[in-house]
Amino acid sequence: MRCVQVLLATWLLAGQVLAQGHQLLGDQVVVGSRHWPQWEFAPGTVDFTAQGGVRAHRLRKDINATGDILDHLRRYPPSALEKKKPEELTLLDAVQAGSNRQGAALALDGDPATYWEPAPPGEGVDLATQWWFVVDLGRFVFARRIVLRFADEQLGDPFLLFDVLVSDGTKPARVAGAANPEYKTVLRMLQPNKSQRVFTIDLQGLDREVPGEGIRFVQVVVTGSDGVRGREVSEAEYLSLAPGEQGAVEYAKRLADGGEIQVDQDLYEELPAERRGSIRFYRRERPRLGELEVWTEGDEILGGTLARGGSASAPLQTLSLGGFIDGDLESFSRPFVGVVSLGADNDREVFFDLGSSYWIDSQRLVYGPFRTTFGDYHLEFSDGARAADGSLRWDRSVERKQVVRGGVHFEGSDFAPVQAQFFRLRWTLYATGTGSGGGGAAIDLSEIQLYGEGVQPRVVLESDLIRLGGSRNLLAVHWDALTPPGTQVLIQTRTGDELGQVQHYFKKDGTEVSEAEYKKLLAIFKGEVVAEEVPGNDWSEWSEPYLDAAGSPITSPSPREYLKVRVTLLSSDPELSAEVRGLGLSFADPVAQSLVGEITPVRVDTLGRQQQFSLYVRPRFAGSDPGFDHLLLVAPPDMRLELAGLYRGAQQPLDPVAGVEQLPTASDSLLLRFPLLGPGAGSELIRLDFRTALFAAGAVLNAALQRGGKGGDTWQGSIPGDAVADLPGNSTTLVGAFGGSALIDEVQAVPPLFTPNGDGVNDEVQFRFRVVRVGDGSPVLVHIHDLGGRLVRSLTEQRAFSTGAYAIAWDGRDDEGRLLPPGVYCARLSVDTEVRGARIGRTQVLSVVSLAY
């Protein structure tokens with residue numbers, strides 16, 4: 001197709017437009033490499049590739065927490081930084097230092113060639129009061145090891161003596177009003193170090209409940225230095241050093257016994273030559289720390305919930321839920337775990353919508369000052385699938401049976417990976433009674449953390465508003481994607497003609513506030529009010545996903561002026577992600593300004609029985625519209641369509657259309673060709689009569705019209721509406737209005753007595769029946785039992801859509817292929833589908849058949 005060629009040729013050019021998430025090129029909408037960042041997606045859920053594509057983000061285990069300090073610092077800035085806008089924060093805001101604070105940030109940049117080198121200490125000053133720095137990791141983490149990497153030998157020296165301390169961020173309880181957190185030492189160098197350049201501090205095993213040490217701050221304190229005697233060098237090397245690197249020069253007096261003693265230079269120069277000993281030259285010590293690494297559990301999930309557009313709630317208790325996910329142990333809340341007397345509902349929970357989908361395999365709880373645990377509790381996860389009653393389906397991954405314990409700071413569990421977007425922590429209240437101080441019981445809960453590994457299983461991106469430059473008929477969508485096994489790309493569209501506006505209110509400092517908060521501000525603090533254009537009331541829902549990457553007809557209503565595109569990246573394999581590199585849509589002028597379609601009757605009283613329907617299409621033409629000469633009607637795959645007639649006219653009764661030709665197509669479709677109908681041709685209304693049977697609770701039928709010859713790919717879909725004023729419905733959706741609740745109906749065994757003797761007459765029996773109301777591809781099962789109840793044969797038929805008419809044959813043999821003895825057999829017919837909460841009556845049917853020779 002020309003569209004594909006244009007698309008491939010212009011993807012590189014499309015990257016030149018930075019302000020939008022797309023580019024209009026002629027009759028094409030093109031999305032290229034530089035457009036993806038302008039699309040809408042939950043922060044941190046996509047990665048952009050070197051090839052210009054976009055893929056789902058990969059969650060990591062065993063990460064260096066200094067690599068993303070700034071992301072976390074901007075998400076939940078500490079109180080000392082609240083006056084700064086998040087975008088104004090830099091890595092330097094995470095560092096405090098007694099010397100060379102700017103350089104301390106270089107020890108966190110991932111580049112071992114840059115380093116922190118403290119400035120020479122003042123005269124008579126304790127080294128440890130100047131040579132130190134503290135790093136705020138931006139959030140609480142479970143650290144498994146800390147690594148210090150000193151500069152290479154050519155660049156500098158390791159610290160001679162130093163300590164490493166850590167803190168979880170909590171203030172010392174015994175010091176009222178303490179400003180600084182309490183630290184513990186995890187490494188203390190007692191022997192001078194001149195050569196070791198990499199130090200690894202193992203923190204695993206320090207806590208009996210979870211692997212690793214819970215920390216937020218790391219402090220490095222240098223306690224010893226050789227100063228001007230960093231390393232001995234030759235005189236030639238000494239003279240070649242820059243003045244700032246030249247260290248001490250030591251002079252020695254030779255003793256009578258051959259030994260030497262250090263003396264001042266002045267005395268050395270007065271000594272006779274035979275008494276002069278050696279002269280030693282030193283390079284000044286260059287204490288340079290190249291990198292500080294803090295290796296932790298992995299990428300934590302819950303901390304980004306609110307930034308991704310997720311939510312948190314506690315249905316039966318008011319809790320400060322943000323404190324559970326902000327990485328700050330000082331912000332905790334107190335969920336009740338016990339009450340004086342139990343009531344009717346004693347279950348409690350905290351619920352999180354994570355804002356995106358993840359593979360999750362471990363959880364951690366951090367308890368507050370009193371360090372008292374939950375009693376029994378469990379964790380449940382949901383991927384968003386719904387039960388028949390519309391509620392989320394939950395899987396329980398962790399169930400802790402324990403009494404309330406004291407003295408526990410951390411606890412957690414590891415479990416088999418589960419795909420989830422929703423998470424809840426649930427516990428059951430216990431009765432405290434009315435003993436001494438009888439009352440409710442609560443615990444201090446500081447943090448809830450979730451971890452996982454692998455590519456996110458589901459990520460959604462949405463385009464910016466695409467203006468088509470007028471009312472356009474949308475033709476096809478094409479995309480370039482890599483889809484390894486187990487991955488999938490879903491492309492969807494929605495369209496409309498109207499735009500609405502949403503007002504955004506900002507303070508002078510750029511902080512967005514609500515309209516009510518904005519109105520309360522003094523004029524000097526009010527910033528801009530920015531209007532954002534959003535889809536209006538006439539926009540369609542998202543289309544069904546398109547199937548053919550090389551070119552799929554666009555099914556969203558058109559012609560329309562505005563368009564949005566949604567891309568969903570799916571993966572069932574945590575190791576693999578789909579990647580979309582480019583996308584394009586083609587459009588054209590419409591065959592008519594509008595095509596309004598309506599089917600009658602829309603109510604179907606009996607499922608599975610054929611009856612006649614009429615599709616009415618009312619076109620609205622402009623004088624320049626080309627008109628149409630093809631009509632396509634498409635039903636769901638389980639429905640067969642039969643043509644009954646095509647009619648046209650200005651009013652009822654309509655006249656038959658002459659020269660109608662039915663073209664080959666699938667059984668669920670009707671494709672007709674006929675003489676051109678257009679402006680001024682007496683075609684104010686068209687009626688297509690057809691016969692079909694409805695098997696499901698409902699079915700959407702789609703009609704489209706086309707002008708052949710010129711722009712042969714230009715199909716324009718009809719829009720459901722009021723095509724005929726006196727007809728009810730205004731829809732192209734058939735609805736089953738039935739009173740029965742059975743899934744299986746009209747069961748027959750034909751013939752009821754069969755003789756599998758190979759004579760070609762009644763050698764097998766057919767179980768004929770209809771399956772209705774099942775909207776998926778659930779398998780249909782026939783289990784055959786003898787009169788003793790023993791299962792002798794299992795038959796299965798599975799289709800993409802389970803609804804429809806069936807004829808499943810049995811040849812009188814068992815599952816091993818052996819001919820069964822004569823007698824009466826019972827066949828149990830069923831559909832293997834989920835029916836809980838759906839008010840389904842008969843889900844299986846018994847049929848009796850006789851076998852004889």
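The values are calculated or read from the model by the stated rules, or taken from the named source; none is laboratory data. No experiment lies behind these values; they were computed from the predicted model shown. Note that each Cβ is placed from the backbone with ideal geometry, even for glycine, and that neighbours are counted across all protein chains shown. Calculation scope for accessible area: heavy atoms of the full protein, side chains included, ligands and nucleic acids excluded. Shrake-Rupley method; radii C 1.70, N 1.55, O 1.52, S 1.80 Å.
With respect to being farther than 30 Å from Ser167 by Cβ, of a type outside the set (Phe, Trp, Tyr), without any contact (Cβ under 8 Å) to a residue 40 or more places away in the chain and crowded, with 17+ Cβ neighbours inside 10 Å, Gly258 falls outside the description.
Scanning segment 106-116 for residues that are within 15 Å of Phe217 (Cβ to Cβ) and touching a helix residue (DSSP H, G or I) at 6+ places or on another chain (Cβ under 7 Å) yields a single hit, Leu108.
The residues of segment 184-242 that are more than 50 Å from the chain's Cα centre (by Cα), of a type in the set (D, E, K, R) and part of a loop (DSSP other than H, G, I, E, B), listed by number, are Asp226, Arg229. The residue list Gly310, Gly375, Gly355, Gly343 contains one member that is open to solvent by 10 Å² or more (accessible area, probe 1.4 Å), farther than 30 Å from Tyr115 by Cα, of a type in the set (Gly, Ala, Ser) and in contact with a Lys or Arg (Cβ under 6 Å, 6 or more places away or on another chain), which is Gly355.
Does any residue of segment 422-431 turn out to be in a loop (DSSP other than H, G, I, E, B), at pLDDT below 90 and closer than 19 Å to Asn346 by Cβ? Yes: segment 422-431 contains one or more residues that are in a loop (DSSP other than H, G, I, E, B), at pLDDT below 90 and closer than 19 Å to Asn346 by Cβ. Inside segment 211-239, residues that are surrounded by fewer than 21 Cβ atoms within 10 Å (Cβ to Cβ) and of a type in the set (Val, Ile, Thr) make up a count of 3.
When segment 277-324 is filtered for residues that are in a strand (DSSP E or B) and charged (D, E, K, R), the ones remaining, listed by number, are Arg280, Arg283, Glu291, Glu293, Glu297, Glu300. The listed residues are Asp168, Asp136, Asp157, Asp163, and the only one of them that is more than 30 Å from Phe332 (Cα to Cα) and buried (at least 21 other Cβ atoms within 10 Å of the Cβ) turns out to be Asp157.
Residue-wise test of (1) outside any strand (DSSP E or B); (2) under 32 Å from the mean Cα position of the chain (by Cα); (3) within 21 Å of Leu187 (Cβ to Cβ).
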| site | (1), (2), (3) |
| --- | --- |
| Leu137 | no, yes, yes |
| Arg145 | no, yes, yes |
| Arg149 | no, no, yes |
| Phe159 | yes, no, yes |
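Looking at segment 575-593, which of its residues are touching a Phe, Trp or Tyr at 6+ places or on another chain (Cβ under 9 Å) and open to solvent by less than 40 Å² (accessible area, probe 1.4 Å)? Those that are touching a Phe, Trp or Tyr at 6+ places or on another chain (Cβ under 9 Å) and open to solvent by less than 40 Å² (accessible area, probe 1.4 Å): Val580, Gly582, Leu583, Gly584, Val591, Ala592.
Cβ separations smaller than 8 Å between residues 6+ apart or across chains give the following pairs from segment 642-665 residues that are part of a strand (DSSP E or B) to residues that are open to solvent by less than 60 Å² (accessible area, probe 1.4 Å) and of a type in the set (Asp, Glu): Leu643/Asp689; Ala644/Asp689; Gly645/Asp689; Leu646/Asp689; Tyr647/Asp689. Here's a check for you: in segment 768-801, which residue that is open to solvent by less than 30 Å² (accessible area, probe 1.4 Å), touching a residue at least 40 places away in the same chain (Cβ under 8 Å) and part of a loop (DSSP other than H, G, I, E, B) is nearest to Leu694 (Cα to Cα)? Across segment 768-801, the extreme among qualifying residues is Val772. Give me the pairs: first residue in segment 38-61 and under 11 Å from Val459 (Cβ atoms) and open to solvent by less than 70 Å² (accessible area, probe 1.4 Å), second residue in a loop (DSSP other than H, G, I, E, B) and β-branched (Val, Ile, Thr), beta-carbon distance under 6 Å, and six or more apart or on different chains, which are they? Once the first residue is under 11 Å from Val459 (Cβ atoms) and open to solvent by less than 70 Å² (accessible area, probe 1.4 Å) and sits in segment 38-61, its partners that are in a loop (DSSP other than H, G, I, E, B) and β-branched (Val, Ile, Thr) give His57/Thr45.
Report yes if some residue within segment 508-519 is open to solvent by less than 80 Å² (accessible area, probe 1.4 Å) and of a type in the set (Val, Ile, Thr); otherwise report no. Within segment 508-519, one or more residues are open to solvent by less than 80 Å² (accessible area, probe 1.4 Å) and of a type in the set (Val, Ile, Thr). Given Val565, Val534, Val604, which one is in contact (Cβ under 8 Å) with a residue 12 or more places away in the chain, under 30 Å from His57 (Cα atoms) and crowded, with 19+ Cβ neighbours inside 10 Å? Criteria check complete, one pass: Val565.
Identify all residues within segment 399-414 that are more than 35 Å from the chain's Cα centre (by Cα) and basic (Lys, Arg); write none if there are none. Result: Arg405, single match. Set side by side, the residues Asp345, Asp326 differ, and just one is farther than 30 Å from Gly156 by Cβ, of a type in the set (Asp, Glu) and at pLDDT 90 or above, which is Asp326.
Can you find even one residue in segment 322-333 that is touching a strand residue (DSSP E or B) at 6+ places or on another chain (Cβ under 9 Å), open to solvent by 30 Å² or more (accessible area, probe 1.4 Å) and of a type in the set (Phe, Trp, Tyr)? Looking through segment 322-333, at least one residue is touching a strand residue (DSSP E or B) at 6+ places or on another chain (Cβ under 9 Å), open to solvent by 30 Å² or more (accessible area, probe 1.4 Å) and of a type in the set (Phe, Trp, Tyr).
Quick one: count up the residues across segment 76-101 that are open to solvent by 40 Å² or more (accessible area, probe 1.4 Å), in contact (Cβ under 8 Å) with a residue 12 or more places away in the chain, in a helix (DSSP H, G or I) and not basic (Lys, Arg). Residues that pass the stated criteria total 3. Candidates in segment 378-398 are the residues that are more than 21 Å from the chain's Cα centre (by Cα) and more than 17 Å from Gly338 (Cα to Cα); of these, the one that is most open to solvent (accessible area, probe 1.4 Å) is Asp389.
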